[in-house]
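Below you'll find the structure, written out as structure tokens, and then a few comments.
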Amino acid sequence: MVVRTIANFDLRQIAESGQCFRMAEISLPGELRCGADTAWRVISGGRMLCAAQRGSRVWFCCDEDEFPYWEEYFDLGTDYGAYIASIDEKDGYLRAAAGFGGGIRILKQDVWEMIITFVISQQKTIPNIRALVEALCWEYGTRMEGYYAFPAPEQLDAASLDELRKLKLGYRAGYIKRICGDVRRGALDLKLLRQMNYPSAMAYLQGFYGIGAKVANCVCLFGLHHVEAFPVDTWIRKILMREYACRCGEAALARIPQARRCEYLVERYFDRYDGYAGVMQQYLFYYERMGGTVTR
């Protein structure tokens, strides 16, 4: 058991932030019932962790020699308080979002798992994504003690297109089958991808079938830990057009082609968070998704 006091860290907020799909709330272990008030099971990289929390006190149910993996996974070496303190004082909406979801951290997850997960995520709700990811793990992942690991490329590639469709993946089954083949042939080189900077990774990923800008940005942010990435999905698009478009004036916005307006608004209002705009994206996403009160 490893116990730490951690500022700006909330297991529930992380689990519900839309970046990971293998965190599940569980009953408190007996030894923690007098201390913690919530506990979560986390599966990542062929490992499983039980983590519990009360306030800023966090219990990691692992040995000291296993803890460095989870310390890296949860990005515990980064000062998220400094990110929050840097928010433009005039941006009341973002400040409210950070106050609401200030326990979120950008996890350092496996890039292969993130590619498949966010290909699955297209036009799907978070509960549906969780269910589909678990179905893939159950059918094709390695059986571990009490759980199934995320399937490796060769394990997933063994599935036929029809078998993937039977898991209710819809059109995403074709994307997954093609991507698995690209990895097996070496066309999609995961080792090379891990070495790329953000612009190079974005360009590289979008060269593969089924991976557009939004999925590529999610892979960069949550799988490669390029914290400058700023994925724009339905939730973020809604925020940008409702909260930020009005700030630049109708005349200025009218000069921007409609297809580029969200990109323009991200550049105008979030480029100031150079190197960590993705943290701000997560605050916005969580605040909107959880129904936070709008405060300008």
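Taking 41 Å as R0, compute the FRET efficiency from the Cβ-Cβ separation of Cys246 and Thr38 and round it to 0.05.
On the way: r = 38 Å, r/R0 = 0.93.
It comes to 0.60.
About the Cα centre, and with charges only on the beta carbon of Lys, Arg (+1) and Asp, Glu (-1), how big is the dipole of the stretch 32-143? Nearest 20 debye, please. Write out the running numbers ahead of the final one.
Details: 12 positive and 16 negative charges, 103 e Å.
The dipole of the stretch 32-143 has a size of about 500 debye.
Taking a ≥ b ≥ c as the square roots of the Cα gyration tensor eigenvalues, with a/c under 1.5 meaning rounded and otherwise prolate when a/b beats b/c, else oblate, which class fits the stretch 152-296? Numbers along the way, then the final one.
On the way: a/c = 2.29, a/b = 1.88, b/c = 1.22.
It is prolate, given that a/c is not under 1.5 and a/b is the larger ratio.
Among 176-189, 65-78, 209-222, how do they line up from the highest to the lowest mean number of other beta-carbon atoms within 10 Å? Each step should come with its number before you reach the end.
Details: 176-189: 17.0, 65-78: 14.9, 209-222: 21.4.
Sorting 176-189, 65-78, 209-222 by mean packing, highest first, produces 209-222, 176-189, 65-78.
Given all pairs of different Cα atoms, what value in angstroms does the Kirkwood hydrodynamic radius of the stretch 65-211 take? Don't skip to the answer; put the middle values down first.
On the way: mean 1/r = 0.0565 Å⁻¹.
Answer for the stretch 65-211: a Kirkwood hydrodynamic radius of 17.7 Å.
Quick check on the exposure proxy: order Met196, Met144 from fewest to most C-beta atoms within 10 angstrom. Before the final figure, lay out the partial values.
Details: Met196 17, Met144 13.
In increasing order of surrounding Cβ atoms, one gets Met144, Met196.
Would you check the chain for Lys pairs whose C-alpha atoms are within less than 29 Å, ignoring same-chain pairs closer than 8 in sequence, and give me the count?
For the chain, qualifying lysine pairs total 23.
Give me the dipole magnitude in Debye, nearest 20, for the stretch 234-289 about the Cα centre, with unit charges on the beta carbon: positive for Lys and Arg, negative for Asp and Glu.
Numbers: 10 positive and 7 negative charges, 39 e Å.
Charge dipole of the stretch 234-289: 180 debye, to the nearest 20.
Let me see the P(r) profile for the stretch 234-289: every Cα-Cα distance counted, bins of 10 Å, each bin given as a percent of all pairs.
23, 56, 21, 0
Rank-order 156-163, 7-14 by packing density, defined as the average count of other C-beta atoms within 10 Å over each peptide's residues, highest first. Intermediate values should be presented prior to the final figure.
Working: 156-163: 14.8, 7-14: 18.1.
Taking the mean over residues of other Cβ atoms within 10 Å, the ranking is 7-14, 156-163.
Could you rank the peptides 281-290, 90-99 by their average count of other C-beta atoms within 10 Å per residue, with the highest value first?
281-290, 90-99
Charges only on Cβ, +1 for Lys and Arg, -1 for Asp and Glu: so what's the dipole of the stretch 111-222 about the Cα centre, in debye to the nearest 20? Walk me through the numbers on the way to the answer.
Numbers: 14 positive and 10 negative charges, 61 e Å.
Around 300 debye, computed over the stretch 111-222.
If you average the sequence gap of Cα pairs under 8 Å that are 6 or more apart and divide by the length of the chain, what percent do you get for the contact order? List each step's numbers first, then the result.
Values: 414 pairs, mean separation 57.9, N = 296.
The value is 20 percent.
Which of the helices in the chain, when you take each full DSSP H run, stretch at least 15 Å along the axis at their Cα atoms and have an average Kyte-Doolittle score of 0.5 or higher?
Values: long enough: 126-140 (21 Å, 0.54); 172-185 (20 Å, -0.71); 277-289 (18 Å, -0.37).
Span-like helices, by this rule, are 126-140.
Quick note: the coordinates plus some simple rules give every number you see, no bench work behind them. For clarity, every value in this text was computed on a predicted model and none was experimentally measured. Because the Cβ atoms are built from the backbone with ideal geometry, glycine has one as well, and the counts that use them run over all protein chains shown.
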